[in-house]
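As structure tokens, the structure follows; a few thoughts come after it.
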Amino acid sequence: MTLLPSLLRQLENPTLSLNQRAEIRCQLARGFEDKGEYEDARQAMSEFWQRIGDYPKLEGLAPGIAAEVLLRAGVLTGLIGYKYKIASAQETAKNLLSESISLFESLKNREKVLEAQIEAALCYWRAGDYDEARIILKELFPRLKTDDELKAKALLRLAIVEHSTNRLNEEYKILIDNAPLFEKITNPTLKGSYHNNLANLLENMGKVENREDYTDRAFVEYAAASYYFEQAGHKSYRANVENNLGYLYFKAGDFKAAHEHVGRACRILSSLKDKSTLARFQETHARIFLAEGRNAEAEKTARASVMTLEQGGRQDLLAEALITHGTALARLRFYSQAYATLQHAIEVAQQAGALEYAGKAALILMEELGEHLSPRKSKTPASNSLVEEMQRHEHQLIKRALITSEGSVTYAARMLGVSHQRLIYLIEKRHKDLLPLRIPAKRRRKAHTK
């Protein structure tokens, strides 16, 4: 991208006015944002805005330039706050964006008002207020009459909101109906985001509806997303896509391709020094090793992931890594270590409010270590209550899967990562009260003989 060096050179001109410097710095920050280099974008704004929580320096700026500074400060507050899970960052971002909207409205700058409102909607989404985000975006569309990047960005935001609320059919309609617009625009970051969102949607729909054609299309869309993010120079987005591709190949049983893509994602993250995300991708690697039966490599890789995440990061990701590590330890027959690790996973998941991971850890604990938890074989007096606790978590997880899959044991088994036969056994032998949630198996017709 030649724009950024050009803007940096312009800033060296000592004759620039205050407004000219502010305008160039906003353009520079916008360019870094499109590449995912948020820290560089923040530094580009440092003359007028230092960090999250600081109010921009607007004294001496023309109203239009002041509004642009507020807009960029608001966008970066939302982006950086979301990445590092900074409390109240989205509320701060909304306040800055609201001020920029008021200034742009006073100047009758319609396009900038729309841009700031689209960014504000994203802040509501990040804060979990999906309904408000949807309302804001839908109210904007009658005013977005031109098929341009601004409309494309609004459509992507709405698709993300629908995805977050599991309205997959609505998301599919948004993305498919507007495919010509995303083909038309030239911004590689937006084009990559479109293909990534569509790939993720198709992957999910393929699982839910058991549609192999959707999964096949997801491979193509992820590959397109990776291409455009490489064009944009957006390394973190490309790394995420490569990890998604690797995971999809893993689920398809192509372990060689899975390792190639996840390995590429890890190399990209290593160059960005993003340890937390790198640890998440290492956990994907460990899962692939487990599926191949390479348990020692899985244990080593998962252990590295756990060690990084324990130093700081999302607790739900730590719980997931602990589950993978515990599984590897169990398969290596380090039963006491496996038990302690899976117990830790349950505790971390419960503290993080990630009950699905708590249930998954309990299910794996019972599956991998069940016979070693038997009260008859254990010398621990509390072993009986331990088994009951594990079965309670297992019960909750299976119940949630059956409800989500509307009673389909096949889909529930896929969600839980167990075989169809194994899930039937668990329901019929250990959780008979869940039988009413299951769709009755269809009787096979006997072949008629003449």
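Quick note: the coordinates plus some simple rules give every number you see, no bench work behind them. Since the model is a prediction, treat every value here as computed from it, not as a measurement. Please note: Cβ atoms are built from the backbone with ideal geometry, for glycine as well, and neighbour counts cover all protein chains shown.
Worth a mention:
- With neighbour counts taken as other beta-carbon atoms within 10 Å, the residues Glu12, Glu320, Glu230, Glu371 rank, fewest first, as Glu12, Glu371, Glu230, Glu320.
- Calculated P(r) tail over 15 Å for region 206-261, as whole % of Cα pairs: 48
- If you look at the Cα atoms of region 229-375, you get an Rg and a Dmax of 15.4, 59 Å.
- Against the chain, whose longest principal axis comes from its Cα atoms, helix 235-251 is set at around 20 degrees.
- Stretching the chain fully between Glu47 and Ala291 yields a gain of 82.6 nm (0.36 nm per residue, less the alpha carbon separation).
- Normalised by residue number, the volume inside the convex hull of the Cα atoms of region 1-143 is 107 Å³ per residue.
- Tilt relative to the chain, helix 149-164 - C-alpha long axis, 0 to 90 degrees, to 10: 30
- One Cα centroid belongs to region 80-116, the other to region 270-341; the line between them spans 39 Å.
- Acute angle (nearest 10 degrees) that the helix 420-429 long axis makes with the longest principal axis of the chain, alpha-carbon atoms: 60
- Take the Cβ atoms of Ala223 and Lys429, set R0 to 51 Å, and the FRET efficiency comes out at 0.70.
- Exposure proxy ranking for Cys266, Cys123, based on other Cβ atoms within 10 angstrom of each Cβ and starting from the fewest, stands as Cys266, Cys123.
- Set Lys300/Lys360; Lys153/Lys173; Lys153/Lys207 screened for pairs whose C-alpha atoms are more than 18 Å apart: Lys300/Lys360; Lys153/Lys207
- For His195, His285, His420, His395, the sequence from fewest to most other C-beta atoms within 10 Å is His420, His395, His195, His285.
- Separation of the Glu105 and Arg143 label points, Cα + 7 Å toward Cβ, nm: 0.8
- Per the Debye calculation on the chain with a single equal scatterer at every Cα and no solvent contribution, log₁₀ I(q)/I(0) for q = 0.06, 0.14 Å⁻¹ amounts to -0.32, -1.39.
- Gaussian network model of the chain, Cα within-10 Å springs - most flexible of Ala338, Ala179, Ala321: Ala179
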